[in-house]
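Visitor: Please read through the structure below; I'll follow up with questions.
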Amino acid sequence: MRIRPIARGDLDGLQALAQQTGVGFTSLPDNRDFLAGKIESAARAFEERTPLDDRLYFFVLEDEENGELAGCCAIVGQVGRDVPFYNYRLGTLAHSSVQLDLHRTIDTLFLSSDHTGNAEVCSLYLRPEYRKSRNGALLSKARWLFMAQFRDRFPDKVLAEMRGVFDENGVSPFWECLGSHFFPMDFNEADRLTGLGQKSFIGELMPKFPIYTTFLTEEARACIGQVHEQTRPALEMLKKEGLRWEGYVDIFDGGPTVEAYIDDVRAVRNSRLCKVEVTTGAEQAERPSWLVATTDMLGFRAIWLGRGPDENDVITLTEEEARRLEVAAGDSLRILET
């Protein structure tokens, strides 16, 4: 399995992934024209032909045995620059009465665009049959090595929006109780428009005043800051890297937005560069514990490796591994022990 930038010939494979993602996965709608535009945007970003604040770095996980796309992930260089990036900020309002000697605090939701200018890790999806052999970790962690290698292309902070709670019928209790009252459409249509980048209607139709959560149903309140069952592994990986929930949630499904300073992310902080040596044979550990990635943006590749560098920070690759990474002796790799 190998991570690489998406290529212009990957449209069929990407659409096949989009058809599997399910409700609430807003960044990968099943729309061929939109996906073709996403691929072209990503290609231009890797070629460094677009401004830093308008870059989408989109990666795919490739099964090298059959050439199929097993999954995908992405990094948005900066959110909210072309269209507003909205979410709810969970706050508290205090009310008191001296006469009655009563004091109450009530949770509220404020419409916010506080994350404007932050980077975003997004669009992580792995096909069910490939949810094994640390493939999910490869998808998630490879992005941090990319950001560490090209740190000057990114801002100070990074965020990730997590898919919220849906019932067994694919219905979001949070949406049914709140969003459905302000948007003349069902969740899937609002979700589709957001995925297509048509987000201006959010600010135009949502209330500008704080929403008291006590007006929501108990079922909807229980969704605030909670994630979809299939999203829990991705959230746990992000939390291990140091991303935390700071009270921001998705305006449609109530899922949490987690965030961190990029320089504080564990994989960014602990990764380092080493030199490549190529040999005809090298011992391979049973459980690969080293993530290695190339240092070229357009030719970015990442794989698991069963051995680390020596005391001189030289890492030995077999000829096959060097071929997969498209590197030669004397090149540099960014490495991370996991």
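The values are calculated or read from the model by the stated rules, or taken from the named source; none is laboratory data. Remember, it's a predicted structure, so these values are computed and weren't measured experimentally. All Cβ positions, even for glycine, are placed from backbone atoms using ideal geometry, and neighbour counts span all protein chains on display.
Visitor: Given (1) surrounded by 20 or more Cβ atoms within 10 Å (Cβ to Cβ); (2) under 27 Å from P233 (Cβ atoms), identify the lone condition not met by L178.
Guide: Only one criterion in (1) surrounded by 20 or more Cβ atoms within 10 Å (Cβ to Cβ); (2) under 27 Å from P233 (Cβ atoms) is unmet by L178, namely (2).
Visitor: Hey, another quick one. State yes or no: is Y261 of a type in the set (F, W, Y) and surrounded by fewer than 19 Cβ atoms within 10 Å (Cβ to Cβ)? Before you say what the answer is, go through the steps one by one.
Guide: Working: of a type in the set (F, W, Y): yes; surrounded by fewer than 19 Cβ atoms within 10 Å (Cβ to Cβ): yes.
Yes; evaluated as a whole, the condition is true for this residue.
Visitor: Residues that are over 15 Å from the mean Cα position of the chain (by Cα) and farther than 27 Å from L124 by Cβ: list the strands (runs of 3 or more DSSP E) wholly contained in region 209-325 that include at least 3 such residues. Walk me through it before giving the result.
Guide: Working: elements: 244-249, 256-261, 272-279, 290-294, 302-305, 314-318.
Hits in region 209-325: 272-279, 314-318.
Visitor: At pLDDT below 90, surrounded by fewer than 19 Cβ atoms within 10 Å (Cβ to Cβ) and part of a loop (DSSP other than H, G, I, E, B): which single residue out of N66, N169 fits that description?
Guide: N169
Visitor: Just name the residue that is surrounded by the fewest Cβ atoms within 10 Å (Cβ to Cβ) out of those in region 136-166 that are assigned to a helix (DSSP H, G or I) and among the charged types (D, E, K, R).
Guide: Looking at residues that are assigned to a helix (DSSP H, G or I) and among the charged types (D, E, K, R), I get D152.
Visitor: Then there's this: Quick check on this structure: which one of L109, L138 is among the aliphatic types (A, V, I, L, M) and farther than 26 Å from W290 by Cβ? Walk me through it before giving the result.
Guide: Values: L138 fails: farther than 26 Å from W290 by Cβ.
Exactly one residue qualifies, and that residue is L109.
Visitor: Might you check whether a residue that is within 30 Å of R334 (Cβ to Cβ) and among the polar types (S, T, N, Q) occurs anywhere in region 164-179?
Guide: No: region 164-179 contains no residue that is within 30 Å of R334 (Cβ to Cβ) and among the polar types (S, T, N, Q).
Visitor: Applying the selection to region 75-131, what residues are of a type in the set (G, A, S), under 16 Å from the mean Cα position of the chain (by Cα) and more than 16 Å from V258 (Cα to Cα)?
Guide: Matches in region 75-131: G77, G80.
Visitor: Related question: In region 167-182, what residues are more than 16 Å from Y88 (Cβ to Cβ), of a type outside the set (D, E, K, R) and touching a helix residue (DSSP H, G or I) at 6+ places or on another chain (Cβ under 8 Å)?
Guide: If the condition is that a residue be more than 16 Å from Y88 (Cβ to Cβ), of a type outside the set (D, E, K, R) and touching a helix residue (DSSP H, G or I) at 6+ places or on another chain (Cβ under 8 Å), then V171 is the only one that fits.
Visitor: Restricting attention to region 232-257, which residues are in contact with a strand residue (DSSP E or B) (Cβ under 9 Å, 6 or more places away or on another chain) and of a type in the set (K, R)?
Guide: Matches in region 232-257: K239, R244.
Visitor: Of the residues R307, R272, which is farther than 26 Å from P84 by Cα, touching a residue at least 60 places away in the same chain (Cβ under 8 Å) and not aromatic (F, W, Y)?
Guide: Exactly one residue qualifies, and that residue is R272.
Visitor: Continuing with this model, one more query. Considering each of R89, R81, R104 in turn, give the residue that is of a type in the set (D, E, K, R) and within 21 Å of L235 (Cα to Cα).
Guide: Selected residue: R89, the only one of R89, R81, R104 that is of a type in the set (D, E, K, R) and within 21 Å of L235 (Cα to Cα).
Visitor: Just to be sure I understand, how many residues within region 86-120 are within 25 Å of V60 (Cα to Cα) and crowded, with 20+ Cβ neighbours inside 10 Å?
Guide: Qualifying residue count, region 86-120: 3.
Visitor: Among the residues in region 173-181, are any outside any helix (DSSP H, G or I) and either modelled with pLDDT under 95 or among the basic types (K, R) (or both)?
Guide: Within region 173-181, one or more residues are outside any helix (DSSP H, G or I) and either modelled with pLDDT under 95 or among the basic types (K, R) (or both).
Visitor: Looking at region 98-114, I want the residues that are over 20 Å from C223 (Cα atoms) and have a partner that is surrounded by 17 or more Cβ atoms within 10 Å (Cβ to Cβ) and aromatic (F, W, Y) with Cβ atoms under 7 Å, at least 6 apart or on another chain. Which pairs are those?
Guide: S113/F85; S113/Y86
Visitor: Checking the conditions here, which among S123, S133 is closer than 27 Å to D63 by Cβ and in a loop (DSSP other than H, G, I, E, B)?
Guide: Step by step, each of S123, S133 is checked, and only S133 is closer than 27 Å to D63 by Cβ and in a loop (DSSP other than H, G, I, E, B).
Visitor: Okay, next question. Which of the residues spanning region 201-254 are charged (D, E, K, R), out of contact with any Cys (no Cβ under 8 Å at 6 or more places or on another chain) and either in contact (Cβ under 8 Å) with a residue 60 or more places away in the chain or within 24 Å of D167 (Cβ to Cβ) (or both)?
Guide: K208, E218, R221, E229, R232, E236, E241, D250
Visitor: When you go through I224, I211, I202 one by one, which is the residue that is crowded, with 18+ Cβ neighbours inside 10 Å, closer than 25 Å to V83 by Cβ and either among the basic types (K, R) or modelled with pLDDT of 85 or more (or both)?
Guide: I224
Visitor: For region 259-281, what are the residues that are among the aliphatic types (A, V, I, L, M) and over 16 Å from I315 (Cα atoms)?
Guide: Matches in region 259-281: A260, I262, V265, A267, V268.
Visitor: Quick one: G22 ticks every box in (1) on the phi > 0 side of the Ramachandran plot; (2) modelled with pLDDT of 95 or more except a single one, so which number is it?
Guide: Of everything listed in (1) on the phi > 0 side of the Ramachandran plot; (2) modelled with pLDDT of 95 or more, G22 misses just condition (2).
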